[in-house]
Amino acid sequence: MKRINLSLISLIFLIPLNLISQDSKINENINTNKFRQLYQEFTSPNIFRTASGAPGPAYYQQQADYKINVELDDANKKIYGDEIITYTNNSPDQLEYLWLQLDQNIRKKDSPSLIRDSESVDPAYIPDAFEKEFINDPFDGGFNIEYVNGMDNNPLDYIINQTMLRIDLPTPLSKGQSFSFKIKWWYNIQDHVNQDGRSGYESFPNDDNRAYIIAQFFPRMCVYNEVEGWQNYQFWGDGEFALPFGNYEVNITVPADHIMEATGELINRKEVYSKEMMKRYNRAKKSYEKPVIIVSQEEAEIAEKSFSKDKKTWSFVAENVRDFAFATSRKYILDMMAVKIGNEDKMAVSLYPKEGNPLWEDYSTLTVVETLKFYSDYTFNYPYSKAVSVHAHRIGMEYPMICFNFGRPNMDGSYSDDEKFGMIGVIIHEIGHNFFPMIVNNDERQWAWMDEGINTYVQYLAEQEFGKKYPEIIYPNKNFPSDRGPAKLITDYMSIDKNFLAPIMSNPENVYSLGPNAYGKPATALNILRETIMGPELFDYAFKKYSQRWMFKHPTPEDFFRTMEDASAVDLDWFWRGWFYTTDHVDIGIKELNQYFISPNPGERLKEIMEEQGIQRNRLRPLIFFENFENDTENYKDKSALENSKLLNNYLNENYSKEEISNLNIPKYYYEVVFDKPGGLVMPIIIDIEYEDGTEERRKYPAQVWRKNDSEVRKVLTSDKKIVSIKLDPDEETADIDTSNNSWPKVENKSDFDKFKSKIKG
């Protein structure tokens with residue numbers, strides 16, 4: 001339909017602008033416009049990081065290479081290790097000392113992390129909870145450092161500050177130089193089921209076994225960069241890890257009857273695999289349709305009873321990874337499947353005890369395969385040789401090439417849909433973490449949303465694709481039941497008391513609710529950005545550009561923000577500011593609607609202006625008059641514009657032929673809709689219009705409609721058909737927390753109790 005732009009006053013006569021009523025502006029000494037650029041918030045571009053969001057010509061990053069020997073003491077639940085770290089300084093700075101992370105020290109019995117939160121006495125306790133809280137000494141799981149030596153075996157000067165260790169170098173380390181040193185250590189392994197944590201063991205009392213998922217188990221180098229120097233923010237528990245890339249050689253000694261997987265390539269497979277396992281492994285490398293069982297459940301159940309006193313060493317090599325983790329137990333079932341990524345074969349691997357079946361055997365490796373395929377298509381081809389999913393009760397945690405995932409059936413093998421979808425979702429999420437942050441390597445200690453939120457967003461897309469590909473798995477659902485991503489799922493969180501909200505751009509240790517803040521809200525924001533603001537084509541191109549620019553590098557939030565704008569030509573400063581730097585929420589409503597018709601005579605509003613200004617009718621220019629429906633006393637509103645305005649009729653006849661006039665769409669109905677924005681967040685206005693004849697129309701106004709008035713926007717709708725209803729945000733795609741003001745005429749939202757009463761009366 002041809003639109004006729006309508007400005008009521010300008011169509012009337014030439015009156016100075018000061019006669020028009022204007023919203024008063026807040027007298028501010030600073031610019032508070034929500035569309036102002038983020039120059040004050042962003043650091044200036046430089047030779048290290050460009051204004052486009054790409055690494056600069058002088059970008060650098062450090063390297064840390066490890067040679068580690070580890071032994072698991074299964075009987076005493078301890079782990080012993082020694083390592084040689086070679087640190088290479090690629091920065092232009094001279095380094096006088098090196099900082100390492102001692103993450104296990106969060107489990108020292110005197111760790112400040114144990115007493116940092118508010119405490120209270122519960123009204124009652126069960127005996128074991130009382131014992132744990134008031135009687136038993138805290139578990140002591142911190143590092144015991146036996147020595148820190150140079151390669152000449154002479155001790156190096158060092159200090160330990162909570163979860164950080166500083167080595168004072170004998171001589172400063174200049175650009176291009178490397179320094180190697182040795183550390184020996186041990187610690188007590190925690191029960192991750194009952195003592196929480198990202199790694200540890202789970203006990204299985206029925207067969208007196210344990211399954212170990214081991215991570216953060218060795219002193220690791222901190223990141224040093226031009227943004228903040230050494231990353232030396234203490235590990236308190238929520239903020240995760242900032243780690244440099246490097247190469248690993250790791251030897252892990254465990255009981256001989258254990259089955260293991262870890263980061264990197266297993267280089268002595270023939271020594272630790274049986275001949276039958278090797279046959280199955282070679283078959284798995286050519287199996288692209290279904291997993292091959294390497295260790296069966298029957299074989300694992302036999303191994304559960306063995307308790308070998310012998311030992312076996314598994315040797316792994318990993319190149320260009322930022323971390324290392326492993327899982328080991330005699331209880332493990334092992335299956336593998338090949339997956340083609342680009343022109344290369346990768347291995348999808350699952351490791352799980354019988355307690356995970358049948359759920360894990362049916363879905364784990366399949367989910368790994370589909371995740372690798374989707375993420376690779378969406379970002380970059382997965383560069384590592386394998387991806388491993390390990391069963392771990394109540395844990396979802398990621399490391400390079402390996403992750404720990406929950407999902408456990410009932411003891412009789414049955415499971416709910418919630419358990420199934422939860423398991424598939426967490427595997428997609430944790431396998432996806434191989435991309436963010438294991439390859440696109442942001443600082444998790446400072447910006448949890450850059451890996452958790454970004455990954456949760458891609459996880460949502462992957463889940464939906466999984467559902468399309470396997471409708472039989474998600475049946476009776478039409479779509480995969482994602483619990484994060486869609487806009488409507490974040491509204492409850494965004495509507496809570498702002499005293500308990502923090503901006504996305506917050507350190508993870510300082511937010512009130514880590515899950516919604518670091519996972520849900522940024523994932524929703526990116527989904528809205530893709531679907532509503534930018535469109536999939538522009539968003540996906542820019543997102544892939546960011547992903548590929550920062551492979552095996554350390555991006556900051558600004559690098560992400562700048563790249564998304566640079567690659568799309570969409571100014572998003574207003575979006576980043578609102579969604580990431582504030583706790584504003586979305587609440588846009590229809591404040592009022594005024595209906596107008598073309599009248600043969602001046603309308604009441606014009607008459608008021610004429611009276612105020614002392615203007616006589618004969619002083620007016622020839623005009624087309626508008627009047628509000630409410631003021632129609634002569635039934636002019638039901639007539640056409642040409643019937644009511646001789647001036648318009650004559651004008652058209654003078655400028656158009658009769659045939660041209662017959663083809664003109666001259667609106668009969670004119671509606672002025674007033675939108676308000678009590679929530680604060682700037683967003684597009686999307687409306688569905690329903691007409692009297694049952695037809696519908698969707699209109700979308702860009703977020704920029706709010707740029708000159710942050711509280712109220714007026715839009716004029718014209719039609720030759722009467723509008724019977726207008727619905728704002730019809731698909732719930734903007735995260736509007738209050739939909740009670742989203743309809744005209746206003747729709748009464750009945751409470752559940754009111755609905756119940758109506759049902760009873762009926």
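The values are calculated or read from the model by the stated rules, or taken from the named source; none is laboratory data. Only a predicted model underlies this, so the values are computations on that prediction, with no experimental measurement involved. Here the Cβ is made from the backbone with ideal geometry for all residues, glycine too, and neighbour counts use every protein chain on show.
Here are the numbers for this structure:
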read-out	value
Residues being more than 25 Å from the chain's Cα centre (by Cα) and in a loop (DSSP other than H, G, I, E, B) - total across segment 207-227	6
Residue ranges of strands (runs of 3 or more DSSP E) in segment 297-377 with at least 1 members farther than 25 Å from GLY200 by Cβ and touching a residue at least 24 places away in the same chain (Cβ under 8 Å)	311-321, 333-341, 344-352
Qualifying position, being in contact (Cβ under 8 Å) with a residue 24 or more places away in the chain, part of a helix (DSSP H, G or I) and small (Gly, Ala, Ser), among ALA523, ALA502	ALA523
Among residues of segment 212-260, those that are modelled with pLDDT under 95, small (Gly, Ala, Ser) and touching an Asp or Glu at 6+ places or on another chain (Cβ under 6 Å), counted	2
Pairs with Cβ under 8 Å, 6+ apart, first in segment 401-421 and at positive phi, second surrounded by fewer than 17 Cβ atoms within 10 Å (Cβ to Cβ) and at pLDDT 95 or above	MET401/SER385; GLY407/GLU419; GLY413/PRO358
In segment 598-623, residue farthest from the chain's Cα centre (by Cα) [restricted to those that are part of a helix (DSSP H, G or I), closer than 29 Å to ASP720 by Cβ and among the basic types (Lys, Arg)]	LYS607
Condition met for THR734 (part of a loop (DSSP other than H, G, I, E, B), of a type outside the set (Phe, Trp, Tyr) and within 28 Å of GLU531 (Cα to Cα))	yes
Top-ranked residue of segment 58-108 - restricted to ones that are part of a strand (DSSP E or B) and hydroxyl-bearing (Ser, Thr, Tyr), ranked as surrounded by the fewest Cβ atoms within 10 Å (Cβ to Cβ)	TYR97
Total residues in segment 701-742, condition within 33 Å of the chain's Cα centre (by Cα) and of a type in the set (D, E, K, R)	11
Residue match in segment 158-170 (condition: hydrophobic (A, V, I, L, M, F, W, C) and without any contact (Cβ under 8 Å) to a residue 12 or more places away in the chain)	yes
Subset of segment 109-151 [within 30 Å of MET221 (Cα to Cα) and exposed (fewer than 10 other Cβ atoms within 10 Å of the Cβ)]	ILE115, ASP117
Some residue of segment 114-124 being in contact (Cβ under 8 Å) with a residue 24 or more places away in the chain, assigned to a loop (DSSP other than H, G, I, E, B) and not small (Gly, Ala, Ser)	yes
Segment 326-364, residues that are within 30 Å of the chain's Cα centre (by Cα), closer than 27 Å to ASN251 by Cβ and among the polar types (S, T, N, Q)	SER350
Breaking point among (1) modelled with pLDDT of 95 or more; (2) crowded, with 16+ Cβ neighbours inside 10 Å, for LYS34	(1)
Hits in segment 281-296 - residues which are within 15 Å of ILE259 (Cα to Cα), crowded, with 17+ Cβ neighbours inside 10 Å and of a type outside the set (A, V, I, L, M)	TYR281
Residue within segment 316-327 that is out of contact with any Phe, Trp or Tyr (no Cβ under 7 Å at 6 or more places or on another chain) and more than 30 Å from ASP65 (Cα to Cα) present	no
Residue within segment 120-133 that is at positive phi and in the same structural domain as GLY229 (by TED's automatic domain parsing) present	no
Single match in GLU430, GLU398, GLU463 (criterion: surrounded by 24 or more Cβ atoms within 10 Å (Cβ to Cβ) and under 13 Å from the mean Cα position of the chain (by Cα))	GLU430
GLU261 vs. criteria within 29 Å of PRO112 (Cα to Cα) and either touching a residue at least 24 places away in the same chain (Cβ under 8 Å) or surrounded by fewer than 21 Cβ atoms within 10 Å (Cβ to Cβ) (or both)	no
Cβ pairs under 7 Å, 6+ apart, first in segment 732-743 and surrounded by 19 or more Cβ atoms within 10 Å (Cβ to Cβ) and of a type in the set (D, E, K, R), second modelled with pLDDT of 95 or more and in a loop (DSSP other than H, G, I, E, B)	ASP736/ASP587; ASP736/ILE588; ASP736/ASP729; ASP736/ASN742
